[in-house]
Structure formats: structure tokens, C-alpha cells
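> Pasting a structure below so you can have a look.
The values are calculated or read from the model by the stated rules, or taken from the named source; none is laboratory data. Fair warning: this is a prediction, and the values are worked out from it, not measured in the lab. Neighbour counts are summed over all protein chains in view; Cβ atoms, including those assigned to glycine, are modelled from backbone coordinates with ideal geometry.
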Amino acid sequence: MPGFVSTVRHIVRKDCTVEFRSREIAYTTIFFAVSCVLTFAFALVREGRAPEGAGEGILWATVTFAGTLALGRTFERERQAETLRALLLAPVPRSAVYVGKLVGIVTLLFGMELLLVPLISLLFGAPLLRHPIWLAATLLSGTVGFAAVGTLFAAMLVRARSRDVLLPVLLYPAVVPVLIAGVRGTSSLTAPEFDWLIARFWLALLFAFDIVFVTLALWTFEPVMSD
Amino acid sequence: MPKWFMPLAALCGAMFAASPFLIANAPYESTMGLVQKVFYYHMPSAWMFLLSALVCGVASARYLATGVVRHDHTAQAAAELTVLFGLLTLVSGPLWARRAWGTWWVWDPRLTSSLVAWMMSCAYLILRRYGGPGSERLAAGVALFGMANVPFIYISVNYWRTIHPATSVVPTLPVSMGLPLWFCVAAFLVLFVLLMTMRVRLEAGRSRLDALHLALDE
């Protein structure tokens with residue numbers, strides 16, 4: 001039986017290979033995210049000026065909407081090809097399957113965020129790149145928290161009726177704490193006077209959410225996927 | 001129904017009938033006046049809201065670990081009570097806040113986390129209603145995330161600077177205000193036990209009926 005790390009690596013490689021060949025999820029998710037940002041820009045920017053602090057909120061709202069789309073498509077592809085069933089039947093730890101899918105989704109979303117940050121900075125005049133290392137850490141930890149819950153919910157809804165509607169219905173209330181901490185953490189980085197204690201507080205809170213959500217999801221994945 | 005159910009229901013009715021008199025006789029709070037009396041129903045309903053969410057989470061964890069259907073019935077009943085008591089809390093709170101804080105709602109950690117917990121319970125029930133066969137296991141997974149929010153709701157007022165009163169207010173209340181409060185807490189607790197018992201029994205009955213239907217079809 002392959003080990004945990006080896007299984008994770010194989011699943012990530014499998015997902016990357018499939019995605020590299022079709023580029024379906026990456027293209028659709030990124031295009032959707034850019035459309036979201038443009039819609040917000042049309043709605044909020046007046047005479048070249050956006051409301052104060054709008055950029056940080058729009059960044060996280062866009063990650064949430066586009067992330068939901070990516071999660072739904074990732075598992076819909078698995079369902080259509082019956083590959084999730086094959087993964088679950090494989091003699092590997094179920095938790096490794098979960099972590100493999102989680103790593104793939106976090107990689108995709110983080111890549112998308114790297115494109116979104118300069119776009120939002122440009123359209124909304126938000127100084128998001130003032131502290132790039134802190135911003136990367138905040139985005140990464142927030143994305144892990146979002147994707148930890150999203151991966152579990154999207155996987156368990158694969159066989160559910162009305163799964164397309166149910167995913168955001170279940171996911172958004174669960175990830176609200178991550179979004180609040182993400183927006184507040186990002187806002188602390190764009191403040192005129194940077195206070196690293198405040199930035200560290202929100203980052204620590206995001207890490208705490210990551211630990212709680214990943215632990216709960218690892219424990220829950222096995223029983224909810226066992227039928 | 002168990003033998004104790006009807007006497008307890010009568011006791012619950014009597015307690016709720018007596019509670020307005022006790023509340024009316026409690027002294028007026030100096031700054032908020034009459035509207036502070038909402039607190040005697042707001043706080044007990046908030047405690048039952050958290051208790052229901054906790055029961056739902058623990059029962060769901062036991063259902064996922066053991067597969068015993070009784071735990072699933074308990075979880076579903078508790079989720080419905082979370083929605084009910086949560087609604088009472090979220091409606092009675094703003095009535096008080098309008099006078100005390102000058103606004104119906106603020107995005108304060110206690111209020112926001114309570115709203116999120118209530119939305120999680122609604123999501124749990126929506127999943128059970130529209131998720132199709134096997135949704136009870138999926139809903140149990142969702143309930144665990146709802147339960148994870150409960151400690152955060154409780155401690156949020158102590159760790160964040162918030163305008164919501166801290167948890168330390170209750171032990172410092174004078175007896176004239178504490179007595180009606182604890183009486184109302186007891187009344188809400190009895191109501192919680194009655195509704196839980198009734199709902200769990202109803203769900204067990206429904207489950208037996210479904211099993212009989214299936215057996216008949218085969």
C-alpha cells in the first residue's frame with residue numbers, strides 16, 4: 001500500500017496532468033474571476049475612484065465566487081469520469097485522497113490570486129502590493145482555510161441532488177470567518193501606517209482556522225465518503 | 001410519549017405564564033429602562049441556541065463514528081431547535097440593541113458569529129431536505145463545522161473589543177434581576193427538553209414507517 005505522501009503526490013500529479021491537457025478549469029475559473037472583478041469595477045468605480053477599502057473586499061469575494069466554481073467543476077469532472085469512485089476504491093488512505101485534492105485546488109486558486117492582485121490594484125487603486133510577503137502569506141493561509149472546507153463539501157456533494165446549488169449554500173456560511181479574517185488582514189496591509197502586530201494577529205487567526213478546518217475535514221472525509 | 005412528558009409540559013406552560021410577572025417585578029435598569037427586559041428572554045434563547053448547536057454537532061460526530069441512526073435523529077431535532085432558538089435570539093437582540101446601542105445591527109464578532117451559526121443550521125436543514133438519499137451523512141459533516149463555531153461565539157465578547165455585553169455580566173447581576181433571569185433560563189431549558197423529546201420521537205417514528213414501506217415494497 002503506497003504511503004500517505006506518495007499518494008498525495010500521485011493525486012496532485014494526476015490532477016495537474018489532466019488540467020494541463022485540457023486547461024478547462026484554469027481557463028474558466030480565471031475568466032470568471034476577471035469577469036467578477038470587472039463587474040465590481042463597473043458597479044463601484046465612479047470617476048476613476050473606488051470606495052475606500054473596496055479592493056480588499058473584492059479580492060476575497062472574487063476568490064470565493066471563482067473558488068466555488070473551480071470546486072464544483074473539479075468534482076463534476078471526477079464524477080463524470082467515475083474517477084472519484086476509483087480513487088476511493090484504491091487501497092490508499094482516504095485522508096491522502098482529500099489532501100491531494102486540497103493541494104491541487106489551493107495551487108489553482110493561489111495561481112489565480114497572483115493574477116487578480118495586480119488587476120484589482122490597477123482597477124481599484126488599492127495598494128495591495130505594498131507588503132508582498134505578508135500579502136502572499138495572508139492569501140495562502142486564507143485560501144487553505146477556504147479550500148479545506150470547500151474540498152470536503154464539494155467531494156461529499158458529488159452524489160447529492162441539487163449539488164450545484166447546495167455547494168454555495170453550505171460553503172459560504174462555513175467560510176465566513178476565513179473571509180472576515182482575510183479581508184481584515186489584507187486591509188491591515190494596505191493601511192497608510194502598517195502595524196505588523198495587527199497583520200500578525202489576522203494571519204495567526206487564519207492559521208488557527210486552517211488548523212481547525214483541515215483537522216475537522218480530515219476526520220470527516222472518511223465517514224462521509226464511505227457509502 | 002414518556003410518562004414525565006405531560007407533567008413537564010404543564011410545568012413549562014406554568015413557567016412561561018409566570019415569567020412575565022417576574023420580569024415585570026424586576027427593577028428597571030438605569031440606562032436602558034423598559035427595553036432591557038428583553039434580556040430575560042434574549043439570553044436564555046441564546047443559551048438554548050448554543051446548546052442546540054452543540055448537541056447537533058456531538059450527535060452528528062457520534063452518528064459518523066458509529067452509524068447509529070438514533071444519533072442522526074437527535075442531530076436533526078437539535079438542528080431544527082438551533083434554527084428556532086437562533087431566530088428568537090437574532091430577533092430579540094436587535095430590539096434591545098436599537099435602544100441600547102442606537103442601531104439595530106452591528107457587524108460585531110458576537111453578532112456575526114451567531115448569524116453564521118444560524119445560517120449553518122439552515123444550510124444543514126436545506127441539505128437534508130434537498131440533498132437526496134444519503135444526505136444525512138453529508139449533513140452530519142456540515143454540523144461539525146457548525147459546532148466548531150460555538151466556542152468562538154461564546155468567547156468572542158471576551159477576546160475582542162465589542163459593544164455586546166461580556167459573559168461576566170450574568171454573575172454580577174443583583175438577586176432581584178438574577179432570579180427572574182435564572183427562572184427564564186430554566187423555563188427555556190424545559191422547553192428545549194420537551195421539543196427535543198417530541199422531535200426525536202417523531203423522527204424515530206418516521207424512520208420506522210419508512211422501513212415498513214421499504215419492507216412492503218420488497
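> Restricting attention to the range B:111-139, report how many residues are part of a helix (DSSP H, G or I), at the interface with chain A (Cβ under 7 Å from one of its Cβ atoms) and either closer than 13 Å to B:Ser60 by Cα or in contact with an Asp or Glu (Cβ under 7 Å, 6 or more places away or on another chain) (or both).
Number satisfying all stated conditions: 3.
> Within the range B:123-136, can you find the residues that are among the hydrophobic types (A, V, I, L, M, F, W, C) and surrounded by fewer than 18 Cβ atoms within 10 Å (Cβ to Cβ)?
To start, the set of residues in the range B:123-136 that are among the hydrophobic types (A, V, I, L, M, F, W, C) comprises B:123, B:125-127.
B:Leu125, the sole residue that qualifies.
> Scan the range A:139-151 for residues that are more than 7 Å from chain B (Cβ to nearest Cβ) and surrounded by 18 or more Cβ atoms within 10 Å (Cβ to Cβ) and jot them down. Break it down stepwise before answering.
Here is the first cut: in the range A:139-151, the ones more than 7 Å from chain B (Cβ to nearest Cβ) are A:139-148, A:150-151.
A:Leu139, A:Ser141, A:Gly142, A:Thr143, A:Val144, A:Gly145, A:Phe146, A:Ala147, A:Ala148, A:Gly150, A:Thr151, listed by residue number.
> Right, next: Among the residues of the range A:12-47, how many are more than 16 Å from A:Ile58 (Cβ to Cβ) and not β-branched (Val, Ile, Thr)?
14
> Also: Going through the range B:116-146 one residue at a time, which ones are closer than 18 Å to A:Ser162 by Cβ and of a type in the set (S, T, N, Q)?
B:Ser135, the sole residue that qualifies.
> Could you say which residue among B:Val142, B:Val150 is at the interface with chain A (Cβ under 10 Å from one of its Cβ atoms), touching a helix residue (DSSP H, G or I) at 6+ places or on another chain (Cβ under 8 Å) and either at pLDDT below 85 or surrounded by 22 or more Cβ atoms within 10 Å (Cβ to Cβ) (or both)? It would help to see each step written out before you state the result.
On the way: B:Val150 fails: at the interface with chain A (Cβ under 10 Å from one of its Cβ atoms).
None of the others qualify; the one that does is B:Val142.
> I'm checking my understanding of the structure. Among residues of the range A:188-210 that are under 19 Å from the mean Cα position of the chain (by Cα) and more than 11 Å from every other protein chain (Cβ to nearest Cβ), which one is farthest from A:Pro132 (Cα to Cα)?
As a first pass, look at the range A:188-210 and keep what is under 19 Å from the mean Cα position of the chain (by Cα): A:202-210.
If we keep only those that are more than 11 Å from every other protein chain (Cβ to nearest Cβ) as well, we get A:202-204, A:206-207, A:210.
Numbers: A:Trp202: 16, A:Leu203: 14, A:Ala204: 17, A:Leu206: 17, A:Phe207: 18, A:Asp210: 21 Å.
Going through the qualifying residues, I end up with A:Asp210.
> While we're looking at this one, here's another question. Of A:Leu102, A:Leu170, A:Leu157, which residue is in contact with a Ser or Thr (Cβ under 6 Å, 6 or more places away or on another chain) and buried (at least 18 other Cβ atoms within 10 Å of the Cβ)?
On the way: A:Leu170 fails: in contact with a Ser or Thr (Cβ under 6 Å, 6 or more places away or on another chain); A:Leu157 fails: in contact with a Ser or Thr (Cβ under 6 Å, 6 or more places away or on another chain).
Just one listed residue meets the conditions, A:Leu102.
> Go through the range B:66-101 and give me each residue that's without any contact (Cβ under 8 Å) to a residue 24 or more places away in the chain and closer than 17 Å to A:Pro223 by Cβ.
Of everything in the range B:66-101, those that are without any contact (Cβ under 8 Å) to a residue 24 or more places away in the chain and closer than 17 Å to A:Pro223 by Cβ turn out to be B:Thr66, B:Gly67, B:Val68, B:His71.
> Quick check on the range A:74-95. Is at least one of its residues modelled with pLDDT of 90 or more, surrounded by 14 or more Cβ atoms within 10 Å (Cβ to Cβ) and not polar (S, T, N, Q)?
No, the range A:74-95 contains no residue that is modelled with pLDDT of 90 or more, surrounded by 14 or more Cβ atoms within 10 Å (Cβ to Cβ) and not polar (S, T, N, Q).
> Follow-up question, since we're still on this one. Looking at (1) buried (at least 24 other Cβ atoms within 10 Å of the Cβ); (2) among the hydrophobic types (A, V, I, L, M, F, W, C); (3) within 14 Å of chain B (Cβ to nearest Cβ); (4) within 21 Å of A:Ser35 (Cα to Cα), can you tell me which one A:Leu179 breaks?
The failed condition is (1).
> Condition test on A:Phe221, is it touching a residue at least 60 places away in the same chain (Cβ under 8 Å), within 11 Å of chain B (Cβ to nearest Cβ), of a type outside the set (Lys, Arg) and in a helix (DSSP H, G or I)?
Numbers: touching a residue at least 60 places away in the same chain (Cβ under 8 Å): yes; within 11 Å of chain B (Cβ to nearest Cβ): yes; of a type outside the set (Lys, Arg): yes; in a helix (DSSP H, G or I): yes.
Here the answer is yes, as A:Phe221 does meet what is asked.
> Are any residues in the range A:31-55 loosely packed, with under 15 Cβ neighbours inside 10 Å and not in a helix (DSSP H, G or I), and if so, which ones? Full working, then the answer.
Going residue by residue through the range A:31-55, those that are loosely packed, with under 15 Cβ neighbours inside 10 Å are A:31, A:35, A:38-39, A:42-43, A:46-49, A:51-52.
Those that are loosely packed, with under 15 Cβ neighbours inside 10 Å and not in a helix (DSSP H, G or I): A:Arg46, A:Glu47, A:Gly48, A:Arg49, A:Pro51, A:Glu52.
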